[in-house]
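Asks: Sharing a structure below in structure tokens format, with a few things to ask.
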Amino acid sequence: MSTDVVLPSERDASGRSFGPEERTLLLEVLESGVLFGPNGTKVRAFEAEIAALLGTRFARAVSSGSAAVHTALAALDIGPGEEIITTPITDMGGISPILYQGAIPVFADVDPETLNITAETVAQKISNRTRAVIVTHLFGNPCDMDPIMKLATERDIVLLEDAAQAYLAEYRGRYIGTFGRIAAFSLQQTKQITCGEGGFVATDSDRLARRARVWADKGWNYESEAPDHEFLGLNYRMSELQGAVALAQVRKLTAMVEHRVRVAEILRQRLDGVAGVRPVPVLDHAVATYWRFPLLVDSEIVPGGPAALAGELKSLGVWSTPNYIRYPAFMCRQFRERVTFGQSDYPYSLHGDYPQERLDDFPGCKTGLASVLVLPWTERHNETHAAFIAERVTEAIDRLVQDSSRPPGRSG
Ligand SMILES: Cc1ncc(COP(=O)(O)O)c(C=O)c1O
């Protein structure tokens, strides 16, 4: 194996796919002089094409994935004091909007292997204040939707999908993002497609699509003959510059995702039989689309676990993130100290006895985070990269095992 393989990075051109398609559309926008989304054509075309691809009736573009989650909650008219069940293992942009709606995030534990919430963990957190559950498909790996949907129907809970990491992932042949009443996606730099910053919501509901559009435009309905600020809303609009890049990207999405999945399968095969690591499992009837490539590290076999493996891999030219996030959301200061609006303690103050969650009460989070190691993954990774990564992982584990079996005090 050559030592000079440089892996693609999602942070720059090596791992991203911007070409003449993006340039042409961007130039069209500049030459038109219309950079404002509601007056232009690119954002609207992006919405139409991504909705057609996903198979939803509507998509509504916004300025980020966080804005998409917020817009989805606002479209559902989530209000103060309502409880929203969600995962503590996600980007904060998937959680903070709950608090901005005055609602209360209630954390469900995750499966220790996929780090996804399950029907069982959600069921444990349902109360008479539960209004919705946010189903986040972590790393682009689908949650088990059948039991989650059954539970939501039985308990009359709204399903909102956070598909920010899960473009074109599938569950029983249907795209992720089409199971809930509404879904949120992100177009931030690292996602399967990107325009730097951006996002959108997807829904089949006329009412939710309309509310999303108006809410993300300061409550102002441009499409009405007698527009007014109908309700409280923010400016989460997407600009035509973002829309142009997003439109070019959506046209490449299917091919890029197919490539991601194909090369990820090669890496899975190459890692098969490597003692001490195993790719995060994917449900039989699901297709994961690998926002990143997560591995489970067995600390009994790999001395030092994910952190030691990440350190060793770095010295061998493979960058990775041990544990994905340092700790579950409820352990962040924002939650521990309830730092929200001034000194108000709002919206926790609406709750009465909001729990101070402890990691020990989340065994799935504890085990999952302690064993996961996340490798960057892009549409530019190829078979050579997959082979290189597998070889380096094997070498790194061998080194760690050898180091740990050396008598103390001796080195080299
Ligand atoms: C699952 C999830 N939800 C929400 C977000 C927020 O998206 P953005 O960073 O575009 O605001 C992200 C972004 O990383 C995410 O991964």
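The values are calculated or read from the model by the stated rules, or taken from the named source; none is laboratory data. Just so it is clear, the model here is predicted, and its values are computed rather than measured. Cβ atoms come from the backbone with ideal geometry, glycine included; neighbour counts cover every protein chain shown. Please note that ligands, DNA and RNA were not included when accessible areas were found on the heavy atoms of the full protein model with its side chains. Shrake-Rupley method; radii C 1.70, N 1.55, O 1.52, S 1.80 Å.
Asks: For the stretch 351-392, give me the residue count where each residue is assigned to a loop (DSSP other than H, G, I, E, B) and open to solvent by less than 20 Å² (accessible area, probe 1.4 Å).
Replies: Matching residues across the stretch 351-392 total 5.
Asks: Restricting attention to the stretch 147-164, which residues are within 16 Å of the ligand (Cβ to nearest atom) and open to solvent by 10 Å² or more (accessible area, probe 1.4 Å)?
Replies: Within the stretch 147-164, L159, D162, A164 qualify.
Asks: Would the stretch 22-29 turn up any residue that is assigned to a helix (DSSP H, G or I), assigned by TED's automatic domain parsing to the domain that holds R174, basic (K, R) and over 27 Å from R380 (Cβ atoms)?
Replies: no
Asks: While we're here: Based on what the data block shows, is V302 farther than 30 Å from V43 by Cβ and modelled with pLDDT of 95 or more?
Replies: yes
Asks: List every residue pair whose Cβ atoms sit under 7 Å apart, with the two residues 6 or more apart in sequence or on different chains, where the first one lies in the stretch 62-76 and is over 12 Å from G93 (Cα atoms) and the second, anywhere, is among the polar types (S, T, N, Q).
Replies: Hits for this filter: V62/T71; L73/Q101; A74/Q101.
Asks: Of the conditions (1) within 27 Å of the chain's Cα centre (by Cα); (2) surrounded by fewer than 22 Cβ atoms within 10 Å (Cβ to Cβ), P407 clears all except one; give me its number.
Replies: Result: P407 passes all but (1).
Asks: Moving on to the next point. Quick test for you: out of V280, V287, V261, pick the one residue that is over 23 Å from R16 (Cα atoms) and in contact (Cβ under 8 Å) with a residue 24 or more places away in the chain.
Replies: The unique qualifying residue is V280.
Asks: Another one. Would you check which residues across the stretch 167-190 are within 14 Å of L53 (Cα to Cα) and within 10 Å of the ligand (Cβ to nearest atom) and list them?
Replies: Once the filter is applied, which keeps residues that are within 14 Å of L53 (Cα to Cα) and within 10 Å of the ligand (Cβ to nearest atom), the stretch 167-190 yields only F185.
Asks: Let me ask something else about it. Would a scan of the stretch 196-212 turn up a residue that is more than 19 Å from A244 (Cα to Cα) and part of a loop (DSSP other than H, G, I, E, B)?
Replies: There is at least one residue in the stretch 196-212 that is more than 19 Å from A244 (Cα to Cα) and part of a loop (DSSP other than H, G, I, E, B).
Asks: Quick one: which of Y167, Y171 is among the aromatic types (F, W, Y) and out of contact with any Pro (no Cβ under 9 Å at 6 or more places or on another chain)?
Replies: Y167
Asks: For the structure I just gave you, tell me whether R211 is away from the ligand (no atom under 16 Å from the Cβ), open to solvent by 20 Å² or more (accessible area, probe 1.4 Å) and either under 30 Å from S32 (Cα atoms) or at pLDDT below 95 (or both).
Replies: Yes, satisfied.
Asks: Another question, if that's okay. So, T178, is that one in contact with an Asp or Glu (Cβ under 6 Å, 6 or more places away or on another chain), under 22 Å from Q249 (Cβ atoms) and open to solvent by less than 50 Å² (accessible area, probe 1.4 Å) or not?
Replies: Against the criterion (in contact with an Asp or Glu (Cβ under 6 Å, 6 or more places away or on another chain), under 22 Å from Q249 (Cβ atoms) and open to solvent by less than 50 Å² (accessible area, probe 1.4 Å)), T178 does not qualify.
Asks: Quick one: in the stretch 191-202, which of the residues that are surrounded by fewer than 24 Cβ atoms within 10 Å (Cβ to Cβ) and more than 7 Å from the ligand (Cβ to nearest atom) is nearest to the chain's Cα centre (by Cα)?
Replies: Ranking the qualifying residues of the stretch 191-202, first place goes to K191.
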